[in-house]
Every structure is written in C-alpha cells, then in structure tokens.
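Chemist: Below: one structure in structure tokens.
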Amino acid sequence: MILFGELLQDVVVYRTATQMELDMTRQNWIWISLLFAAMFALPATANAQAGQALFDYQMKNRAQTDTGAPVLILRAREFIKSGTATFERSDGKTSKQKIGRMKPGQEKRLPFRQPKGKFKYKITLEGVTSFDQTITMNLETEVVYVDPIKLTVNPKQVQVGEGRMVLRSNVPLDKVDIEVFDNNGGKVVEKTQAIGGKGGDVELTWPAKVKEVGAIRLKAHDIAGFWAGVVLEPFWVEIPHEDIEFDNGKDTWQPSETPKLTSTLGKIKEAMAKHKKKGLELSMYVAGYTDTVGGHSDNIKLSQARARAIGKWFRKNGIKVDVYYQGFGESVLAVNTPDNTPEPKNRRAVYILGNTPPPTSSQIPRANWKRL
C-alpha cells in the first residue's frame, strides 16, 4: 500500500509538471524528465522498464512565425535503438516522425507541423532500448503558432479629447493595456480593455479626464500571450497670425488682405519643416468664428464657409498636407458682446497643425472637422 501511494504521488507530480508546461513561453523553457507509471514491485513489460526515464524533453509550445516553428526537443537518457513520435492534433490530423537511433545525451528536434492557430496535442513516444524493450510515453499539450503582432494607428481615427481611438492589429488580440499621461508626464488614466480575440480595427476608449494629453501608451496582448507596445504623442501647434477682414456677409476678401495670408503661410511652412523632422505626419485644421450680428445658424454656415475658403487658399498656395475646416459661428466669442453687436475681434480664425485632430475644448467645442 505504501508503494501504491508513492506511485500515485509520482503520477500527480507528472501531471502538475505537464500543466506547468502549458504555460511556457519561448523565454521560459524547462527540462522535464518523463517518468513511467510501472515501477517498484511491478514486473518489466513490453511497455515499460522499472524505474527508468527514457527521455528528458524541452517544449517550445508558444511560437511566432518570425522565430521558428513550435518544437519538441527530446534528449536521450540512455542508448535508443529506434523510436517514433505520433502527434494527434485536435482537428483530427495525425502525423508520425521517426526518432531513430540516439546516444545518451543526444538531442532530437521534432517540430509541430501545424498551420497558424491554437491546437491541442496528444503525443505518443515509443523508444526501443538496448535491451529490446519498447517503452511508451504519452504527453498532452497545447501549441500556439501565430504571426508577430503588428500595430498601426491612423491619426485621423484618434480623438484624444473624447477618449477614443482605433487600433489596427494583424492578429486577434486578447486585451490592450491603456495608459494616458498629461503634459507633465503624470499618469491620469490606467485601464485594461478586453478585446476577446478580435483582430483588425479595434476601438479603444478611456475616461477623458484631461484636456491636454502628453502621451498614450498601449500594450496589446495577443491570444497566445505575446505582446507589442506603441506610444502615441499627440501634437498640436497653433499658428500665430493676423486675421483677414472678409467682405460683409461673404467668404471672400479684398486683394489688400492677401498679404496677411501670405505671411501666415510662411509661418505654417516653417512649423511644418521643424516638426516633420520628428517623424510626425501633420494635418492642418482651420476653425472659423463670427460676431453676433445675424442669426445663429446663418453665422455657423458663414464661419464654416470662411474657414473652408482659407483652407483652400493655403492648399492652392503650397500646403501639401490634408486640410480640415470647421465653423463655430458666434458660439465661441473672443469678446463677450450682446446680440447683433459688430466686433472685429470675434470675426476670426484659428490655424492648428497637428498629428491628430485637436481635442475638444472651450475654443473647439465640437469635433465635426470636414476635409477639403
């Protein structure tokens, strides 16, 4: 009875080691001895030899396509005249590989011949010893073989002010860790968003706790346990300028106003050249505003038309980036005035260069940017 108890304990230890093996990654390999159930007072049979471990093995059961296929590595503990390994895959496919002759300490690599994806395996190892005894061992494991993670972010799909963005992944993701930092480097948001095995475009959201975001750090985990990270640094710069005076109630201006735009154009090109060296893909955003003369809805339309006219002028005169425009009418006043009050300081525009749309704020209350 004591021997039987020891035998059960050995079996438990072996299954625990097998479970540990299922959690291995390519950086975490371990050599495990294959123990045999028929031991102690049990006689040697054609399927086992008393107290003998035929192989040590090493399992790489998590692999990416750029680092080689998953593999089972056997190391002989004694002389082996011949042997075979049978792999039964969970999709019904079965394959055999010859182990052949092996000297003590010699290694043999047996690749898992599988397509990309996750599969369970039942592996049967048979080896013929120098005593012409055939010893059989059974293993079970799960093997995952996937492409390396590639992440891309379209700046046009990042709405920092609203706490929203789209991340594109070439492989199914399990989860994404999201960290948002303010301009001083302080962490203002930390969350993990479950993805549930979805690939392609994935929408990420987080609480919009800060108006000025200094950086966003993402750590995407795939279904195999691998991960890849990306850091986004939203960037905007407002271009100082002198506002042009439009024709009354129109989106046109007199030729005498054009030098103001020409001066601003030089500042825009200078800023673009300066920040392009940082590897930023910039776009231009033009926001238009009016005074309180006229109806609210009419002023929205007028300010939008004027912002569009300015954007078109910049594109025509050498701005080679995407240009977006938006009108806010009299909803954002530089100088608070009563209704129907003409005020030149309220008839203005804002020019912004950025690698993402400017976040919503008191000056930009909506994110309805239209592309030229």
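Chemist: Find how much the distance from residue 370 to residue 130 grows on full extension, using 0.36 nm per residue of separation minus their present alpha carbon separation; answer in nm with one decimal.
Modeler: Values: separation 240, 0.36 × 240 = 86.40 nm, distance 7.95 nm.
This chain segment gains 78.4 nm when fully extended.
Chemist: OK, next. Please tell me which of these pairs span more than 20 angstrom C-alpha to C-alpha: 81/103; 150/198; 156/267?
Modeler: Working: 81/103 9 Å; 150/198 14 Å; 156/267 24 Å.
Listed pairs above 20 Å: 156/267.
Chemist: Also: Using the Karplus equation 6.51 cos²θ - 1.76 cosθ + 1.60 (θ = phi - 60°), what ³J(HN,Hα) coupling, rounded to whole Hz, does each residue of the range 91-106 give in order, writing x for Gly and Pro?
Modeler: My calculation for the range 91-106 gives 8, x, 7, 10, 9, 10, 10, 6, 8, x, 7, 9, 8, x, x, 6 Hz in order.
Chemist: Grab the Cα-Cα distance for residue 235 and residue 297, subtract it from 0.36 nm times how many residues apart they are, and report the gain in nm with one decimal. Provide the component values of the computation, followed by the final result.
Modeler: Working: separation 62, 0.36 × 62 = 22.32 nm, distance 3.17 nm.
Gain on stretching residue 235 to residue 297: 19.2 nm.
Chemist: Provide the descending list of Cα extents for the range 73-174 along its principal axes, expressed in whole angstroms.
Modeler: Dimensions of the range 73-174 along the principal axes of its Cα atoms: 75, 29, 16 Å.
Chemist: Might you report the magnitude of the Cβ-based charge dipole of the range 236-371 about its Cα centre, with Lys and Arg at +1 and Asp and Glu at -1, to the nearest 20 debye?
Modeler: 820
Chemist: Near the amide H of residue 140, under 5 Å away, which other amide H atoms are found, from residues 5 or more places off or on another chain, if H is placed in the peptide plane?
Modeler: 123
Chemist: Please report Rg (one decimal) and Dmax (integer) in Å for the Cα set of the range 249-364.
Modeler: 14.9, 46
Chemist: From the cross-link list 274/345; 260/301; 60/108, which pairs have alpha carbons spaced over 19 Å apart?
Modeler: Working: 274/345 30 Å; 260/301 23 Å; 60/108 13 Å.
Over 19 Å apart, Cα to Cα: 274/345; 260/301.
Chemist: What list of ³J(HN,Hα) values in whole Hz, one per residue of the range 362-372 in order, does the Karplus curve 6.51 cos²θ - 1.76 cosθ + 1.60 (θ = phi - 60°) give from phi, with Gly and Pro shown as x?
Modeler: Rounded to whole hertz, the list is 5, 7, 10, x, 10, 10, 8, 6, 10, 8, 5.
Chemist: Next question, about the same structure. So which GluC sites (Glu not before Pro) in the range 212-301 are both in a DSSP loop and have at most 15 other Cβ atoms within 10 Å of their Cβ? Intermediate values should be presented prior to the final figure.
Modeler: Values: sites: 212, 238, 242, 245, 257, 270, 281; in loops: 212, 242, 245, 281.
Loop-located and lightly packed - 212, 242, 245, 281.
Chemist: Something else now. Please work out how much length the chain gains when fully extended from residue 107 to residue 164, using 0.36 nm per residue of separation minus the C-alpha to C-alpha distance, in nm with one decimal. Please list the in-between numbers first.
Modeler: Working: separation 57, 0.36 × 57 = 20.52 nm, distance 5.17 nm.
Going from the current span to full extension adds 15.4 nm.
Read-outs: derived from the displayed coordinates by stated rules, not from any lab. Since we're looking at a predicted model, the values are computed, not measured. Heads up, the Cβs are rebuilt from the backbone with ideal geometry, glycines too, and the neighbour counts pull from every protein chain shown.
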